[in-house]
1. State which residue pairs qualify: first residue assigned to a loop (DSSP other than H, G, I, E, B) and inside the range 138-162, second residue at pLDDT 90 or above and polar (S, T, N, Q) in any location, beta carbons under 7 Å apart, and separation of 6 or more residues or different chains.
2. Checking K100 against (1) within 38 Å of the chain's Cα centre (by Cα); (2) farther than 19 Å from W211 by Cβ, only one condition comes out false. Which one?
3. Considering Y88, Y117, which residue is of a type in the set (F, W, Y), outside the structural domain of C206 (by TED's automatic domain parsing) and under 25 Å from I151 (Cβ atoms)?
4. Just give me the residues in the range 194-235 being aliphatic (A, V, I, L, M), exposed (fewer than 13 other Cβ atoms within 10 Å of the Cβ) and not in a loop (DSSP other than H, G, I, E, B), in sequence order.
Amino acid sequence: MSRPLLLIFILAGLGLTTLPVAGQGVANRAGLVVRYADGRVETRCVAFSEPAISGEELLLRSGMTVIMNYNAGLGGAVCSINAAGCAYPQQDCFCQCQGKKCEYWAYYHGTGAGWQYSQVGASSYQVTNGALEGWSWGPGNFSSGTLPPPIGFSDICTPPTATPTATPTRTPSATPSSTATRPAGPASAPEVMLETSATRLPAGGCAVLKWATWNADRVTLDGAAVLAQDRLEVCPASSRRYVLAASNAAGQTAREVAVEVVAAAAAVVTNTPHPPREVAPPPAATATATPGPSPARATPDSSGDRPPAATPEPPRGLPPLAQAQEAAASPTPALAAPAEATATPRPPANPTSPARQAAAVDRQSRPGPDAPTPILAGRVSSA
């Protein structure tokens, strides 16, 4: 027996079967569109035999590397797809959605009118044959996001081809597919985080409420249903409280924050005292001595040929009378201080003059009380 023929019999002894034809036993298909931050787009046509599978299961069966967080509430939250997104658990699943700027994986359903933002999580949504699912990374606010490109189901899942003829091949051993591990039912009440950007606001001001819940089946804000993780801008007209409640089969957890609205205070005008200005005192008036007429010196009366008394001369340096009167009428009253007046001495009478000697003899010769005494005559002579 030839060696090739022997090899054939050996293979037959190991047992050969025929694989099912590609697509055999697969009745349902759904399209998947993934848009990345840089605009790249990947598509998959995922086949399944079940009547319906969840959106999460469709994503996991696509062959892409998916990391999910099952503590985000309302099922699993998609953290990254093919390493794009947040590296959970080293990072928060919503690592780029911690403030006003928010980027995350938004979940969409394809409809005849275009893409529609999903109101439920991928773990809860049921995908059926012919469905179109979309995931897009970009800015959003947990109620809207960046839309995937306009791609239809027929662009991804082409019609099945004719069934090829089966050929005998060896059946490979089944390789278990990796699936995300799902935790058991909730063992405790949900965890809740609620915070506000401001606790005091002026009248007309606004604040941003931000919250996140974990392991919750239902989340409400002041009684209205909200997403497990979201944010909301509020502009209260008066002070109020906001209550976030999350519940599951194990119980309910609530958190609240208070926002106080402060009325604008009326403006109060206050007068600020200022120190008085220092005013320099006016210069003191300088008294200017006005020279008056020099008093005439009393001279004893003498008779006979006594020479007339000398007329006193005006002090040196004084202006004539006409000029002084004109200066007094001038609008400029300031005058230079006159020099100190110096009296001109009158020359003494000459006692040896003939006239004086004759007068003295005549008085001495007269009898009676009119004659001066020698002492008086001496005084007169000395004058």
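The values are calculated or read from the model by the stated rules, or taken from the named source; none is laboratory data. The shown structure was predicted, so the numbers you read here are calculated from the model rather than taken from an experiment. Using ideal geometry, Cβ is built from the backbone for each residue, glycine included, and neighbour counts are taken over all protein chains shown.
1. G145/S136; T146/S136; L147/S136; P148/S136; I151/T43
2. Only one criterion is unmet by K100, namely (2).
3. Values: Y88 fails: under 25 Å from I151 (Cβ atoms).
Result: Y117 is the single residue among Y88, Y117 that is of a type in the set (F, W, Y), outside the structural domain of C206 (by TED's automatic domain parsing) and under 25 Å from I151 (Cβ atoms).
4. Passing the criteria: A224, A225.
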